[in-house]
Amino acid sequence: MKRWLAAVLALATAGVLHAHQDITTRAVAARRAELQQLLGRYIAGDHEGVATAFAKLDPAGRIALRSLMAERDGPKPLARAAFALEFGAAAMRAPSPVEVDMFVRYSHQQLARRPSKVGTNPAEDRFELLAHQIGLALLEGGGNWPGHRTYLKEASPRIVALEAAYPGLPTRFALMRAMDAAMQCCSDLLVRGAIPMVAIVSAGTPRQTPTPPPTPEYALLQFEIAARDEALAQEALVRAAFLQQRLARVPDGLKFLDRAQTRGDTVIDYAAALVRAAMFDLAGPPDAAAESYGAAMRLAAGAQVPAIGRAAALQRAGQIDEAVAAANHARHIAPDGFDPWPVFLRADARFVDAWMVELRGLLK
């Protein structure tokens, strides 16, 4: 029996296929052939068709893709891993990013099939490091921190070995580990205003006794470790300060912000200004909060939140005329103006597009 037919039958048995869906083995076979051709073009260097294919994926296409990516003896596992990540990136941009975990899992499965050992093929090692980084970033962008945690746990032996083999190669894994620890201990605090977390559990997955989550102190230690890397230092310190602010530890949070030096990253500079303003809202002079909100406004003129925050802070400071003027200004800002804060909350997802371009280059 052909593998795609076996996949259809397995899914039907698991209850994934429903009577109202018009799915036949013939439809799955047709989608499988289309996807096989698309994969061939992708391997040959045509990277533009995946987003269109994702938009057209129907139930039969999803089954066909699953069977295609499940091939353990299929050629070019690294190219297949990149192909799966392309679908993951397209899914992350969709209004409901619930399929991201599935595509990331496909990629990870293909990376595990890589025949060469760590340290024997620098080009493939670099590809694998970047692919793991993209997979984790996609899960962050989809708000799937439970999936992020699982991926880190399963891939850590490979990632650690790759990091040890190439200590000078810049990566963001230290910060990813810190964010993962922070979300384990304090997700109920950190996801306020963020996109929902999506926990995806495969059918038949046995329930396990949960491991106690790490403490905030452990997460803060991980941010300190990440801050040892100069390239990650500012963001690590700002994210540590954000955690402290949500824990209402204002003096400690301000110490983290005072150590963070700007690197010209508008998203992180903006987040630092907002976090500082929020700390002064909790405990501090309201005019200092107004000043920090003003700094955020200069970085993102189209963001309404800091403008509202500044008006409220000025009112608390007794500067009524300035508060009224600030409130009027806030009312004239479009509510849908660009605000870097959601970008900050989605963590490494903001790098996915650039990383995918780099990954495609490594396929040549």
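Residues considered: 87, 173. Of these, the only one that is at pLDDT 95 or above, buried (at least 18 other Cβ atoms within 10 Å of the Cβ) and aromatic (Phe, Trp, Tyr) is 173. Every condition in (1) modelled with pLDDT of 90 or more; (2) surrounded by 16 or more Cβ atoms within 10 Å (Cβ to Cβ); (3) among the hydrophobic types (A, V, I, L, M, F, W, C) is met by residue 100 except one, and the failing one is (1). Can you tell me which residue is nearest to residue 338 (Cα to Cα) among those in the range 259-316 that are surrounded by 16 or more Cβ atoms within 10 Å (Cβ to Cβ) and hydroxyl-bearing (Ser, Thr, Tyr)? Across the range 259-316, the extreme among qualifying residues is 270.
Checked against the criterion of being at pLDDT 85 or above, closer than 21 Å to residue 105 by Cα and surrounded by 14 or more Cβ atoms within 10 Å (Cβ to Cβ), the candidates 70, 60 yield just one match: 60. With respect to the numbered conditions (1) out of contact with any helix residue (DSSP H, G or I) (no Cβ under 6 Å at 6 or more places or on another chain); (2) more than 16 Å from residue 40 (Cα to Cα), which one is the sole condition not fulfilled by residue 111? That leaves (1) as the condition not met. All of 147, 119 fail the test of being in contact (Cβ under 8 Å) with a residue 12 or more places away in the chain and either in contact with a His (Cβ under 6 Å, 6 or more places away or on another chain) or not in a helix (DSSP H, G or I) (or both), apart from 119. Does at least one position in the range 177-187 carry a residue that is out of contact with any Phe, Trp or Tyr (no Cβ under 8 Å at 6 or more places or on another chain), among the hydrophobic types (A, V, I, L, M, F, W, C), in a helix (DSSP H, G or I) and under 26 Å from residue 362 (Cα atoms)? No. Among residues of the range 222-246 that are touching a residue at least 40 places away in the same chain (Cβ under 8 Å), those with a beta-carbon under 7 Å from a residue that is among the aliphatic types (A, V, I, L, M) and not in a helix (DSSP H, G or I) at least six positions away or on a different chain give the pairs 236/227. Counting just the residues of the range 176-220 that are modelled with pLDDT under 70, more than 17 Å from residue 150 (Cα to Cα) and not basic (Lys, Arg), which one comes out farthest from the chain's Cα centre (by Cα)? Ranking the candidates gives 193 first. Within the range 226-252, the set of residues being surrounded by 15 or more Cβ atoms within 10 Å (Cβ to Cβ) and among the aliphatic types (A, V, I, L, M) comprises 226, 227, 232, 233, 236, 237, 238, 240, 241, 243, 247, 250.
Between 49, 15, the distinction of being within 22 Å of residue 88 (Cα to Cα), at pLDDT below 85, among the small types (Gly, Ala, Ser) and surrounded by fewer than 16 Cβ atoms within 10 Å (Cβ to Cβ) belongs to 49 only. Of the helices (runs of 4 or more DSSP H) entirely within the range 235-349, those holding at least 3 residues that are more than 22 Å from the chain's Cα centre (by Cα) occupy 250-259, 266-282, 286-299, 304-316, 320-331.
The values are calculated or read from the model by the stated rules, or taken from the named source; none is laboratory data. Note that this is a predicted model, so its numbers are computed, not measured. Quick reminder, even Gly has a Cβ in these numbers, built from the backbone with ideal geometry, and neighbours come from all protein chains shown.
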